[in-house]
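Colleague: Before anything else, here's the structure in question.
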Amino acid sequence: MSMTDVSVAPAEVTTTLAGALNAGLRQAMADDDKVVLIGEDIGRLGGVFRVTDGLQAEFGGDRVIDSLLAESGIVGTAIGMALRGYRPVCEIQFDGFIYPAFDQIVSQLAKMRARSGGRLTVPLTIRVPCGGGIGAVEHHSESNEAYFCHTAGLRVVACATPADANTLIQQAIACDDPVIFYEPKRRYWDKAEIALGRVAPGSLGLESARIARPGSDITIISYGPTVRLALDAATVAEAESKSCEVIDLRSLSPLDYETIVSSVRRTGRVVIVHEAPTFGGFGAEIAAAIAERCFDSLAAPIQRVGGYNTPYPPSRVEEQYLPGIDRLLDAIDSTLQY
């Protein structure tokens, strides 16, 4: 059964981003008994961030599986399940814990559809809590999206709001391609009033960006944890008569070039913001794409605001490492001076 086969009036509720993900997972599991969750402490505990809270009690231990502490084993097992017709959803407990499974993801999962000439599909979703801002220790605050965006055969998406979290997780699970699904852990407790239930007809697709705030003077491109930062900066800039358009990419691979190009051709100025280091970061790919497609429309150099090219620091100084509103506003001001 597809998620849009049955028309159900959505319920409007106030929930957190974590709660919206929980509801989306629950809906996907109710719609398709081939959807199976697997990860460390996701069952009885409900996950470190309680995203899977209550799902094992509702659907049973054979569909919400508490795994061993072995990320390579989690992903490898899930690949086998996907090849046998299931739609597994893995949880990587923290972003920095994904590296033991890196070979499984980039050498096997990403290649199987092409390797089989399209005969095999691997509908596997890997949930990755990402980014900093929660005062965590080493390996718990990384932004490693560039590795997976560079890997052909993977889709990479990043939710930023409760509404998108609920929609995107259902779309990711329904997709026949493997999806790396980034969840901004510092936004898990952000609240909004949203409509739960199946993905509504006419919703943005899995590959689509959204204009989070329209503007005319400059385009701010963001995703995941930095979308709210971009919106806050745009509000401050508006008080100074600077009109910022904010794009929430939602999908990092593939990119929604149409939305990006349309915005940049109107504003002529661009600032890209993400938590990962700017050196070799995903913002560099976005900047290159804009330069190739919008060179004649640019009125100023493209600016990037991100983390510094150092290992993630101790929590007591992480706010100096992460891009903040002052650094973003400085980039906006600098760009608008041209």
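The values are calculated or read from the model by the stated rules, or taken from the named source; none is laboratory data. Owing to the predicted nature of the structure, the values given are computational and were not obtained by experimental measurement. Note that each Cβ is placed from the backbone with ideal geometry, even for glycine, and that neighbours are counted across all protein chains shown. What goes into the accessible areas is simple: the full protein's heavy atoms, side chains included, and nothing from ligands, DNA or RNA. Shrake-Rupley method; radii C 1.70, N 1.55, O 1.52, S 1.80 Å.
Colleague: Taking the Cα centre as origin and putting +1 on Lys and Arg beta-carbons and -1 on Asp and Glu beta-carbons, what dipole magnitude results for the range 163-228, to the nearest 20 debye?
Modeller: Computed charge dipole of the range 163-228: roughly 320 debye.
Colleague: Calculate one ³J(HN,Hα) per residue across the range 147-154 by plugging θ = phi - 60° into the Karplus curve 6.51 cos²θ - 1.76 cosθ + 1.60, and present them in order as whole Hz with x for glycine and proline.
Modeller: Result, ordered by residue: 4, 7, 5, 6, 9, 4, x, 10 Hz.
Colleague: Also, I was wondering about something else. Can you compute 3J(HN,Hα) from phi for each residue in the range 51-67, using the Karplus curve 6.51 cos²θ - 1.76 cosθ + 1.60 with θ = phi - 60°, rounded to whole Hz and x for Gly and Pro?
Modeller: For the range 51-67, the Karplus-derived couplings read 5, 9, 4, x, 6, 5, 5, 7, 10, x, x, 7, 10, 10, 9, 7, 8 Hz, x marking Gly and Pro.
Colleague: If you don't mind, another one. Under a crude label model (7 Å from the Cα following the beta-carbon direction), how far is residue 327 from residue 13 in nanometres?
Modeller: It works out to 3.7 nm between the two label points.
Colleague: Across the chain, how many lysine pairs separated by 8 or more positions, or lying on different chains, have Cα atoms within less than 29 Å?
Modeller: Summing the qualifying lysine pairs gives 4.
Colleague: Label-point separation (nm) for residue 257 and residue 320, each offset 7 Å from Cα along Cα-to-Cβ?
Modeller: 4.2 nm
Colleague: Relative to the Cα centre, what is the charge dipole magnitude of the range 224-267, using +1 at the beta carbon of each Lys and Arg, -1 at the beta carbon of each Asp and Glu, and rounding to the nearest 20 debye?
Modeller: 80 debye
Colleague: What residues qualify as long-range amide H neighbours of residue 220, i.e. H under 5 Å apart, gap of 5 or more or another chain, H built at 1.01 Å from N?
Modeller: Amide H neighbours of residue 220: 245, 246, 247, 271.
Colleague: Would you mind checking the tilt of helix 162-174 against the longest principal axis of the Cα atoms of the chain, expressed as 0 to 90 degrees and rounded to 10?
Modeller: 50 degrees
Colleague: If you take every residue apart from residue 208 with its C-beta less than 15 Å away from the C-beta of residue 208, what net charge results, scoring Lys and Arg +1 and Asp and Glu -1? Kindly include the intermediate steps, with their values, before the conclusion.
Modeller: Numbers: positive: 155, 210, 250; negative: 164, 207, 248, 256, 258.
Net charge around residue 208: -2.
Colleague: Mind checking the angle between helix 257-267 and the chain's longest principal axis? C-alpha axes, 0 to 90 degrees, to the nearest 10.
Modeller: The angle comes out at about 20 degrees.
Colleague: Compare the Cα positions of 321, 254, 52 along the charge dipole of the chain (+1 at Cβ of Lys, Arg; -1 at Cβ of Asp, Glu; about the Cα centre) and return the one farthest towards the positive end.
Modeller: 254
Colleague: I want to check the label-to-label distance for residue 338 and residue 240. Put each point 7 Å from Cα in the C-beta direction and report it in nm to one decimal.
Modeller: 1.8 nm
Colleague: What number, in nm² with one decimal, is the all-direction average of the projected area of the convex hull of the alpha-carbon atoms of the chain?
Modeller: Details: hull surface 67.6 nm².
Dividing the Cα hull surface by four gives the mean projection, 16.9 nm².
Colleague: Here is a follow-up. How high is the FRET efficiency between residue 107 and residue 139 when r is their beta carbon distance and R₀ equals 25 Å, given to the nearest 0.05?
Modeller: After rounding, the FRET efficiency stands at 0.70.
Colleague: Rank 59, 295 by accessible area, highest first, at a 1.4 Å probe radius?
Modeller: 295, 59
Colleague: Related question: Alpha carbon centre of the range 247-294 versus the range 126-141: separation in Å?
Modeller: Spelled out, the Cα-based centre of one part sits 24 Å from the other.
Colleague: Treating only the Cβ atoms of Lys and Arg (+1) and Asp and Glu (-1) as charged, compute the dipole magnitude of the chain about its Cα centre; round to the nearest 20 debye.
Modeller: 560 debye
Colleague: A further question follows. Quick one: which residues, 5 or more positions from residue 156 or on another chain, have an amide H under 5 Å from its amide H? H modelled 1.01 Å from N in the peptide plane, none for Pro or chain starts.
Modeller: 180, 252, 253
Colleague: Go ahead and run the numbers for FRET between residue 45 and residue 191, Cβ-Cβ distance against an R0 of 25 Å, rounding to 0.05. Walk me through the intermediate numbers first.
Modeller: Details: r = 23 Å, r/R0 = 0.91.
The calculated FRET efficiency here is 0.65.
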